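Read the structure below first, then the notes.
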């Protein structure tokens, strides 16, 4: 990994996926011998030897803060500073994967108040900034010794733009730069072909059988991920977890 960080990193936003749907993704990765980073939204996420990170939902209408609001009431919630709300969300989410060194916020939410909290909770890297299909990406040092690992490509970006036509070879995997790929279990399981289709499937989001019945034939997110995995193996392209990139990058000078 010395020199250009030309690693390809597969990452998964778990998004409260049904265990069978999540296991489907784990099985795909393991069938190709690729380790990934899974950002956890809830307790009980078992991904074997893969890395686990945190996927906190900082939105006020999100699962964590809705739970807090129901116990405190709206008047008390209104009086809590944003920093304390973020601290509560992070403390809660950390119980899902106590060993986690990395975080990716739900909806890629960002507030500079979060960065010192990450250091407070022992988080070393964030991966919440997306620069789609940008060549030459590198990790970025931020305040409080937090390392930002920018996202290179996401399945949801593809659904909204059609940038690659679900063709893995259009990801330019052999070009210089860090290439962090962000995928979601339900989009893979559904072989999603459009944002509209994916949103419609939320009516049966936790029903693997109905999701399977709604799976699109032909080219989609699932076929693209499988093609990507096959290319990684056939072309012997370098892969790493985000934790491995973080550890290696921390052995380098911070600036300059």
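The values are calculated or read from the model by the stated rules, or taken from the named source; none is laboratory data. All values reported here derive from a predicted model rather than from experimental measurement. Positions of Cβ are backbone-derived with ideal geometry, glycine not excepted, and every protein chain shown enters the neighbour counts.
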Exercise for the section: Would you confirm whether any residue within the range 229-241 is within 21 Å of residue 17 (Cα to Cα), out of contact with any helix residue (DSSP H, G or I) (no Cβ under 8 Å at 6 or more places or on another chain) and not in a loop (DSSP other than H, G, I, E, B)? Expected result: no
Handout entry: the range 203-215 residues that are on the phi > 0 side of the Ramachandran plot, paired with ones that are at pLDDT below 95 and in a loop (DSSP other than H, G, I, E, B) (beta carbon under 7 Å, 6 or more apart)
Key = none
Practice task
Determine whether the range 102-110 contains at least one residue that is surrounded by 13 or more Cβ atoms within 10 Å (Cβ to Cβ), modelled with pLDDT of 95 or more and more than 22 Å from residue 12 (Cα to Cα).
Solution key: no
Handout entry: Matching entry among 209, 197 (being part of a helix (DSSP H, G or I), within 23 Å of the chain's Cα centre (by Cα) and farther than 20 Å from residue 38 by Cα)
Key = 197
Practice task
State whether one or more residues within the range 138-156 are part of a helix (DSSP H, G or I) and under 25 Å from residue 174 (Cα atoms).
Solution key: yes
Problem - Near pairs, Cβ below 8 angstrom, 6+ apart or cross-chain, from the range 43-67 (farther than 18 Å from residue 126 by Cβ) to any residue that is assigned to a strand (DSSP E or B) and modelled with pLDDT of 95 or more - result: 45/38; 45/52; 47/38; 50/37; 50/38
Completion exercise
Residue pairs within 7 Å by beta carbon, gap of at least six or interchain, first lying in the range 11-37 and at positive phi, second crowded, with 19+ Cβ neighbours inside 10 Å and at pLDDT 95 or above, listed first then second, are 15/41; 15/184; 15/185; 15/186; 16/41
Completion exercise
When residue 8 is run through (1) under 25 Å from residue 208 (Cα atoms); (2) surrounded by 13 or more Cβ atoms within 10 Å (Cβ to Cβ); (3) modelled with pLDDT of 95 or more; (4) touching a helix residue (DSSP H, G or I) at 6+ places or on another chain (Cβ under 8 Å), the failure sits at (1)
Practice task
Could you list, in sequence order, all residues of the range 162-189 that are under 18 Å from the mean Cα position of the chain (by Cα) and in a helix (DSSP H, G or I)?
Solution key: 171, 185, 186, 187, 188, 189
Completion exercise
Exactly one of 25, 47, 12 is in a loop (DSSP other than H, G, I, E, B) and in contact with a strand residue (DSSP E or B) (Cβ under 9 Å, 6 or more places away or on another chain), and that one is 47
Practice task
Scan 246, 186 and give me the residue that is under 21 Å from residue 104 (Cα atoms), at pLDDT 95 or above, surrounded by 14 or more Cβ atoms within 10 Å (Cβ to Cβ) and in contact with a strand residue (DSSP E or B) (Cβ under 9 Å, 6 or more places away or on another chain).
Solution key: 246
Exercise for the section: Identify all residues within the range 93-120 that are part of a loop (DSSP other than H, G, I, E, B), out of contact with any strand residue (DSSP E or B) (no Cβ under 9 Å at 6 or more places or on another chain) and more than 19 Å from residue 46 (Cβ to Cβ); write none if there are none. Expected result: 109, 111, 112, 113
